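Chemist: Please read through the structure below; I'll follow up with questions.
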Amino acid sequence: MTFDPQVANLLELGRKAGNPPFQALTPEQARVAYAATKEALQPAEQPVAQVRDVSVPLSWGSLKLRIYRGIGTQENEALPCLLFLHGGGWVIGNLESHDRLCRHLANVGKLCVVAVDYRLAPEHEFPAAVDDSADALRWVHAHANELNIDPASLSVGGDSAGGNLAAVLALMSRDGNLPVLKAQVLFYPVTDMTAGSDSYARMTSGVPLTADTMHYFLNHYVPDEKDRKDWRASPLLASSLEGCAPAFVLTVANDPLCDEGRAYAERLEKEGVRVSAVHLSDHVHGMLMHGKWIDAAPRMADFAGVWLAGMLKASAL
């Protein structure tokens, strides 16, 4: 494995800390441990023009969303919108864990970002997270006027497990089961839950997310292995990707998800979807959440935010 010097330094600090891997913890313990990394790894939060929480009533209860409007935007301006799905293996993470990344993207892209607090596993197994994400997108589209967003300039995005959910929503949109999307932003996404790629075999130690950690998450979210071949779990296994929204795909080499993310970008391109694919050979999974230590993290968020703003602005012309 090859590491950027800043990544190598951060990994060494992590080794010295000696914290147990997530797979050694219960889901409840893992959530607490993940939340504790926020201040240590992420830069200070950026101010935004507006941020507020709303609760969407659904058949099972209330789905919480957090709505951001980028700094410099006007309250009555119909902004393009990004529905953001957080990472964390469908087991950990929440609105707070990804609050600073959402603020960053809203500011860079002059966007409305709507973050989704979807239900987590193992309390809520597949496809609960998919259902919640789809319901959130439907709600945003239906309430576009009161949210002051442009319903014709919608996009989805997320990191890791959130990237998986975003890719699935893009396929559902393509099939006419969700509002039309103009773009999808996939940060080191899960696209194949059968976990048979070479990068799973390579990433067994020395990185924050190993193959064992991914199996821990998969076993909680999709315990029935038959379900892992469902395209709503593994979008790479969908029969066709043709007609999906244009995609930004970030992959990193030191990551068990590397090969499936690159394969997804390649398939999208081969099947006629516009793709901007960025691959970093010296970074690790989760790098966007390490901006306090890794200079490339905010720069990649900038890149993605500018790309997304350009795609959504062009679609509105």
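The values are calculated or read from the model by the stated rules, or taken from the named source; none is laboratory data. What you are looking at is a predicted structure, and each value in this text was computed from that prediction instead of being measured. Backbone-built Cβ (ideal geometry, glycine too); neighbour counts: all protein chains shown. Only protein heavy atoms, including side chains, enter the accessible area calculation; ligands, DNA and RNA are left aside. Shrake-Rupley method; radii C 1.70, N 1.55, O 1.52, S 1.80 Å.
Chemist: Mind listing whichever residues of region 237-281 are in a helix (DSSP H, G or I), within 16 Å of the chain's Cα centre (by Cα) and not basic (Lys, Arg)? It would help to see each step written out before you state the result.
Modeler: Initial filter on region 237-281 (in a helix (DSSP H, G or I)): 237, 258-270.
Subset that is within 16 Å of the chain's Cα centre (by Cα): 258, 260-262, 264-265.
The answer is Cys258, Glu260, Gly261, Tyr264, Ala265.
Chemist: Going through region 146-178 one residue at a time, which ones are in contact with a Pro (Cβ under 8 Å, 6 or more places away or on another chain) and open to solvent by 20 Å² or more (accessible area, probe 1.4 Å)?
Modeler: Those that are in contact with a Pro (Cβ under 8 Å, 6 or more places away or on another chain) and open to solvent by 20 Å² or more (accessible area, probe 1.4 Å): Asp150, Pro151.
Chemist: Something else: Taking region 172-191 as the region of interest, how many residues are part of a helix (DSSP H, G or I) and not hydrophobic (A, V, I, L, M, F, W, C)?
Modeler: 2
Chemist: Taking Ala301 as the residue in question, decide whether it is in contact with a Ser or Thr (Cβ under 7 Å, 6 or more places away or on another chain) and touching a residue at least 12 places away in the same chain (Cβ under 8 Å).
Modeler: Values: in contact with a Ser or Thr (Cβ under 7 Å, 6 or more places away or on another chain): no; touching a residue at least 12 places away in the same chain (Cβ under 8 Å): yes.
No: the conditions fail for Ala301.
Chemist: Shifting gears a bit: Considering (1) open to solvent by less than 10 Å² (accessible area, probe 1.4 Å); (2) touching a residue at least 40 places away in the same chain (Cβ under 8 Å); (3) of a type outside the set (Val, Ile, Thr); (4) out of contact with any Pro (no Cβ under 7 Å at 6 or more places or on another chain), say which one Cys102 fails and leave the rest.
Modeler: (2)
Chemist: Between a first residue in region 164-180 that is farther than 15 Å from Val116 by Cβ and a second residue that is part of a helix (DSSP H, G or I) and small (Gly, Ala, Ser), which pairs have beta carbons less than 8 Å apart while being 6 or more apart in sequence or on different chains?
Modeler: Short answer, once both residue conditions are applied: Asn177/Ala134; Val180/Ser173.
Chemist: For region 90-124, how many residues meet the condition of being of a type outside the set (S, T, N, Q), in a loop (DSSP other than H, G, I, E, B) and over 13 Å from Val51 (Cα atoms)?
Modeler: Filtering region 90-124 down to residues of a type outside the set (S, T, N, Q) leaves 90-93, 95-96, 98-106, 108-124.
Still in the list and also in a loop (DSSP other than H, G, I, E, B): 90-93, 95-96, 98, 110-111, 118-124.
Those left that are additionally over 13 Å from Val51 (Cα atoms): 90-93, 98, 110, 118-124.
Within region 90-124, residues that are of a type outside the set (S, T, N, Q), in a loop (DSSP other than H, G, I, E, B) and over 13 Å from Val51 (Cα atoms) number 13.
Chemist: If I filter region 62-92 down to residues being touching a Ser or Thr at 6+ places or on another chain (Cβ under 9 Å) and farther than 25 Å from Val190 by Cα, which single residue comes out as surrounded by the fewest Cβ atoms within 10 Å (Cβ to Cβ)? Reasoning before the result, please.
Modeler: Taking region 62-92 and keeping what is touching a Ser or Thr at 6+ places or on another chain (Cβ under 9 Å), we get 62-65, 78-83, 85-89.
Still in the list and also farther than 25 Å from Val190 by Cα: 62, 78-80.
On the way: Ser62: 11, Ala78: 17, Leu79: 22, Pro80: 24.
Filtering first and then ranking leaves Ser62.
Chemist: Among all residue pairs at least 6 apart or on different chains, which show Cβ distances below 9 Å where the first residue, located in region 217-234, is over 13 Å from Ala195 (Cα atoms) and the second is exposed (fewer than 13 other Cβ atoms within 10 Å of the Cβ)?
Modeler: Final answer for the pair search is Trp231/Ser239.
Chemist: Out of the residues in region 50-61 that are in contact with a helix residue (DSSP H, G or I) (Cβ under 8 Å, 6 or more places away or on another chain) and open to solvent by less than 60 Å² (accessible area, probe 1.4 Å), state the one that is farthest from Asn76 (Cα to Cα).
Modeler: Narrowing region 50-61 to residues in contact with a helix residue (DSSP H, G or I) (Cβ under 8 Å, 6 or more places away or on another chain): 51, 56, 58.
Filter again for open to solvent by less than 60 Å² (accessible area, probe 1.4 Å), leaving 56, 58.
Values: Val56: 22, Leu58: 28 Å.
Among residues in region 50-61 that are in contact with a helix residue (DSSP H, G or I) (Cβ under 8 Å, 6 or more places away or on another chain) and open to solvent by less than 60 Å² (accessible area, probe 1.4 Å), the one farthest from Asn76 (Cα to Cα) is Leu58.
Chemist: Out of all the residues in region 1-29, which are touching a residue at least 40 places away in the same chain (Cβ under 8 Å), in a helix (DSSP H, G or I) and under 24 Å from the mean Cα position of the chain (by Cα)?
Modeler: Scanning region 1-29 gives Gln6, Val7, Leu10, Leu11, Gly14, Phe22, Gln23, Pro27.
Chemist: Can you name the residue in region 105-137 that is under 30 Å from Glu225 (Cβ atoms) and of a type in the set (D, E, K, R) and, of all such residues, is surrounded by the fewest Cβ atoms within 10 Å (Cβ to Cβ)?
Modeler: Initial filter on region 105-137 (under 30 Å from Glu225 (Cβ atoms)): 116-137.
Pick out the ones that are also of a type in the set (D, E, K, R) and you get 117, 119, 123, 125, 131-132, 135.
Numbers: Asp117: 21, Arg119: 16, Glu123: 11, Glu125: 17, Asp131: 18, Asp132: 22, Asp135: 18.
Across region 105-137, the extreme among qualifying residues is Glu123.
Chemist: Another question, if that's okay. Condition first: more than 19 Å from the chain's Cα centre (by Cα), assigned to a strand (DSSP E or B) and at pLDDT 95 or above. Can you find one or more residues in region 63-72 that meet it?
Modeler: No, region 63-72 has no match at all.
Chemist: Only one of (1) in a helix (DSSP H, G or I); (2) open to solvent by 10 Å² or more (accessible area, probe 1.4 Å); (3) of a type in the set (Ser, Thr, Tyr); (4) without any contact (Cβ under 8 Å) to a residue 60 or more places away in the chain fails for Thr194. Which number is that?
Modeler: Thr194 satisfies all of (1) in a helix (DSSP H, G or I); (2) open to solvent by 10 Å² or more (accessible area, probe 1.4 Å); (3) of a type in the set (Ser, Thr, Tyr); (4) without any contact (Cβ under 8 Å) to a residue 60 or more places away in the chain except (1).
Chemist: If you go through region 201-236, how many residues are part of a helix (DSSP H, G or I) and closer than 21 Å to Pro20 by Cβ? Steps first, answer last, please.
Modeler: Taking region 201-236 and keeping what is part of a helix (DSSP H, G or I), we get 201-202, 211-221, 225-229, 235-236.
Among the residues that remain, those that are also closer than 21 Å to Pro20 by Cβ are: 211-221.
Residues meeting the conditions: 11.
Chemist: Which one of these is surrounded by fewer than 20 Cβ atoms within 10 Å (Cβ to Cβ), in contact with a strand residue (DSSP E or B) (Cβ under 7 Å, 6 or more places away or on another chain) and aliphatic (A, V, I, L, M): Ala314, Ala245, Ala296, Ala304?
Modeler: Ala296
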